[in-house]
Each structure stands twice: as C-alpha cells, then as structure tokens.
1. What is the magnitude of the charge dipole of the chain about its Cα centre, with +1 placed on the Cβ of each Lys and Arg, -1 on the Cβ of each Asp and Glu, and no other charges, expressed in debye to the nearest 20?
2. Determine how large the accessible area of T135 is when every protein chain is in place; take a 1.4 Å probe and give Å² rounded to the nearest 10.
3. Take the chain, connect every pair of alpha-carbon atoms lying under 10 Å apart with a spring to form a Gaussian network, then pick out the residue of L21, L174, L146 with the largest mean-square fluctuation.
4. What number, rounded to the nearest 500 deg cm²/dmol, is the helix-based mean residue ellipticity at 222 nm of the chain, given -39500 (n - 2.57) per DSSP H run of at least four residues and division by all its residues?
5. Taking N as the number of residues in the chain, what is its alpha-carbon radius of gyration divided by 2.2 N^0.38 Å?
6. For segment 13-58, just the Cα atoms, rotate onto the principal axes and tell me the three extents in Å, largest first.
7. Work from the charge dipole of the chain (Cβ charges, +1 for Lys and Arg, -1 for Asp and Glu, about the Cα centre) and give the residue of A128, V51, A166 farthest towards its positive end.
8. Select from segment 95-187 those GluC sites (Glu not before Pro) which occupy a DSSP coil region and have at most 15 other Cβ atoms within 10 Å, ordered by residue number.
Amino acid sequence: KQQAELYRRLRNTLRWLLGSLDGFSDAEKVPYSELPELERWVLHRLTELDVRIRKATMDYDWSGVYPEVHQFCATDLSAFYFDVRKDSLYCDRTDSVRRRSVRTVLDHLFQCLVTWLAPALVFTAEEAWTSLGQTESIFTQTYVKLPAVDTALMAKWQRIQELRNAVNKEIETLREQGQVGSSLQAEVDL
C-alpha cells in the first residue's frame with residue numbers, strides 16, 4: 001500500500017505538470033534573473049534534490065531517493081508551491097510575467113522529475129515524456145542543469161513556510177469551531 005501511494009503521488013504530480021504545461025514553448029520562458037523569488041526558491045529546492053540524485057547515481061546507491069522525491073512532490077510542490085501558484089496559472093493572462101514564470105519552473109520540474117524517475121518508473125517516465133510531444137526517448141536525455149543553491153533565499157522561504165504552517169493550523173482550528181468557513185475568510189495579523 002505504501003509503494004502504491006508513493007507511485008500515485010509521483011504519477012499525479014507528473015499528470016498535473018503535463019496539464020499545466022499544455023502548449024508551453026521556449027518563447028514563453030522567463031530568464032532566471034527575472035523569475036519571482038518563489039520560483040527561484042522552487043528551483044533551489046530542485047537543485048538540492050538534484051545534488052542528492054546525482055550522488056546516488058555516482059554511488060550506485062538509490063536507497064531512500066524515491067521517498068525523498070515523493071516527499072518533495074507532496075510537501076514542497078503539492079502542499080505549497082502548486083497551492084500558492086495555481087491561481088496565477090489558471091487566472092493570470094497568458095502573457096503575464098508571473099504566469100510565464102510559473103510555467104518556466106514547471107517545465108524545469110517536469111524535465112527533472114521525468115529524468116530522475118526514468119530508472120525506476122520506466123514506462124511512466126517514457127509515457128509522460130512523449131505526452132509532451134517529445135520524439136526522442138527519455139532515456140536519451142541527461143539531467144537538467146540547475147542554478148546553484150542560494151542559502152539566504154532558502155532560509156527566508158523556510159521561515160515563510162513555517163509561518164504559513166502555523167497560520168494554517170490556527171485557521172483549521174477556527175474552521176473546526178465554526179468561526180471561519182474557508183481560509184479565504186480569515187484575516188491574519190503577524
């Protein structure tokens with residue numbers, strides 16, 4: 001059951017990325033220097049995980065790698081980044097810098113996840129890769145080049161996530177007490 005849940009989360013992440021990247025092209029990409037801070041944070045988290053995966057590849061030791069990828073997809077992506085940016089993705093104009101930035105990062109996420117997952121989830125990775133119209137196999141691809149880790153940025157966003165979690169916990173308590181219907185009805189003072 002645990003392995004099935006791990007696979008389901010990874011597959012759903014790829015599926016969400018595929019839907020969000022429909023029609024994406026290189027012309028839409030935003031240069032790294034122009035990306036909003038949140039998008040740069042996601043790329044730095046991706047870089048941290050990439051370092052772990054490259055080491056596992058060099059050492060031929062994949063112990064714990066896929067649970068880490070799963071945790072990244074569940075916590076950093078689904079519960080945080082996708083939740084924060086889905087409104088931009090769905091509602092912003094297609095030419096807005098923020099929406100283009102989100103899709104630029106989603107493209108990086110997709111490429112990394114598919115190449116990372118290919119050794120273990122062979123058919124899923126190949127199917128996802130070719131679903132975006134790629135004609136070459138995922139197994140002809142190399143790992144994506146990512147930016148260096150910015151430790152100051154990482155520390156700042158770790159604190160933001162801690163605050164967000166604390167606020168969400170309080171809102172949930174108010175929701176259970178019937179004082180708030182949804183998180184959008186809450187006003188938060190920090």
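1. My answer is approximately 120 debye.
2. 140
3. So, out of L21, L174, L146, the one fluctuating most is L174.
4. Details: 7 runs with 116 residues, N = 190.
-20500 deg cm²/dmol, from helical runs alone.
5. 1.10
6. Sorted largest first, the three principal extents are 35, 27, 17 Å.
7. Checking the options against the dipole of the chain, the answer is A128.
8. E136, E187
The values are calculated or read from the model by the stated rules, or taken from the named source; none is laboratory data. Just so it is clear, the model here is predicted, and its values are computed rather than measured. Please note: Cβ atoms are built from the backbone with ideal geometry, for glycine as well, and neighbour counts cover all protein chains shown. When the accessible area is computed, the model is the full protein with side chains, heavy atoms only, and any ligands, DNA or RNA have been set aside. Shrake-Rupley method; radii C 1.70, N 1.55, O 1.52, S 1.80 Å.
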